[in-house]
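Here the structure comes first, spelled out in structure tokens, and everything after it is commentary.
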Amino acid sequence: MNLTLAPSISVVVIGRNEGQRLARCLESVRRTPGLKNTELIYVDSNSKDGSPDLAATYGARVIVLNAQRTTAALGRNAGWRAANGEFILFLDGDTILHPHFANAALAPMLQDASIVAAWGHRREIHPEASIYNRILDLDWVYAPGIAEFCGGDVLMRRSALEEAGGYDAELIAGEEPELCRRMRARGYRILHIDHPMTGHDLQITRFSQYWKHAARAGHAFAEISARFRASDDKFWDAERKRNLIRGGFWMGSLVFAAAISALRLTILPLLIWLALLLVMSARSAWKSRWKSQHLPALLLYGIHSHLQQIPICVGQITYSLDQRRGNRRTLIEYKEPAK
């Protein structure tokens with residue numbers, strides 16, 4: 001398909017202190033066949049590294065947000081509302097666009113008006129950079145087909161965005177699934193295509209970053225599931241409950257094993273806990289073997305699938321405590337500004 005003959009596409013890139021990651025993203029858009037002369041909008045959230053000026057050199061229309069409480073949703077809303085395209089291609093500033101994704105995503109949307117969002121495979125650019133990059137790379141792998149939600153990189157139909165009212169700018173995490181939930185409630189569909197979409201630069205190199213990344217997911221589970229708990233479609237409620245059970249089990253069992261080990265002056269209870277973790281992790285790795293043929297990565301991913309339940313659970317608990325205290329949490333950032 002020739003994009004020059006297709007309905008218009010506007011590209012909206014959001015970012016905050018992405019530095020050269022942003023330059024790489026914008027360059028990938030300009031190198032994409034059919035998008036070289038398309039409308040390009042960059043929305044910046046209080047960057048301190050000159051990102052707005054950098055984006056302008058790539059011919060982007062720059063929108064700078066000075067809100068006290070910045071969110072990705074706020075940036076995306078500002079971008080698509082300022083855009084003119086019938087379709088909006090959303091990208092995060094730390095990604096690299098695959099040159100053929102726009103074509104591949106647009107095709108099924110033109111054939112079926114009920115499909116209002118199409119997304120593909122996002123993978124890490126440098127999975128070898130850290131153990132965290134390696135395991136979280138597999139978190140991006142989803143089976144193709146009709147999906148409940150999409151991620152931040154996605155091609156969306158503008159008319160559906162207008163009808164749904166766009167992203168919820170108050171959410172600090174999980175804004176894409178929440179929007180997709182409202183779109184699906186209107187009879188629309190979300191499609192995950194079996195095609196490369198973007199390369200992502202996660203840059204998680206420390207455990208503290210990994211913890212924040214998972215805790216952010218817990219916050220999203222808790223906040224979004226609370227919104228729809230009284231509806232017929234209790235979105236993410238099952239996931240919320242399952243995490244509380246699994247996270248509570250791993251936290252509680254570890255504390256119990258450590259306490260018994262200390263009281264009995266023996267490491268045996270901790271070894272039993274570790275053996276249980278490894279057995280459960282091997283089982284999870286086997287069930288996830290469709291995601292990768294790299295055995296060490298799968299085994300690490302199996303361990304991650306269980307241990308991440310602890311910070312996710314903590315994220316849920318923190319959200320609940322904030323609600324009771326009347327606290328309004330700001331953006332949970334796990335990535336350091338680009339140098």
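Here is how the numbers come out for the structure above:
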quantity	calculated
Any hit, segment 84-91, residues being farther than 19 Å from Gly199 by Cβ, of a type in the set (Phe, Trp, Tyr) and crowded, with 17+ Cβ neighbours inside 10 Å	yes
Identity of the residue in segment 290-306, assigned to a loop (DSSP other than H, G, I, E, B) and under 16 Å from Glu128 (Cα atoms), that ends up nearest to the chain's Cα centre (by Cα)	Ser292
Residue within segment 86-101 that is part of a helix (DSSP H, G or I) and over 30 Å from Arg289 (Cβ atoms) present	no
Identity of the residue in segment 23-37, out of contact with any helix residue (DSSP H, G or I) (no Cβ under 8 Å at 6 or more places or on another chain) and polar (S, T, N, Q), that ends up least open to solvent (accessible area, probe 1.4 Å)	Ser28
Evaluation of Asp232 against (1) outside any loop (DSSP other than H, G, I, E, B); (2) open to solvent by 40 Å² or more (accessible area, probe 1.4 Å) (one fails), failing number	(1)
Tally, over segment 176-214, of residues that are closer than 20 Å to Glu333 by Cα, open to solvent by 30 Å² or more (accessible area, probe 1.4 Å) and assigned to a loop (DSSP other than H, G, I, E, B)	3
Residue check for Ser284: within 30 Å of Leu171 (Cβ to Cβ), assigned to a helix (DSSP H, G or I) and either out of contact with any strand residue (DSSP E or B) (no Cβ under 7 Å at 6 or more places or on another chain) or basic (Lys, Arg) (or both)	yes
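The values are calculated or read from the model by the stated rules, or taken from the named source; none is laboratory data. Quantities reported herein were computed from a predicted structural model and do not represent experimental measurements. No Cβ is skipped: glycine too gets one built from the backbone with ideal geometry, and neighbour counts run over all protein chains shown. With ligands, DNA and RNA removed, areas are computed over all heavy atoms of the protein, side chains included. Shrake-Rupley method; radii C 1.70, N 1.55, O 1.52, S 1.80 Å.
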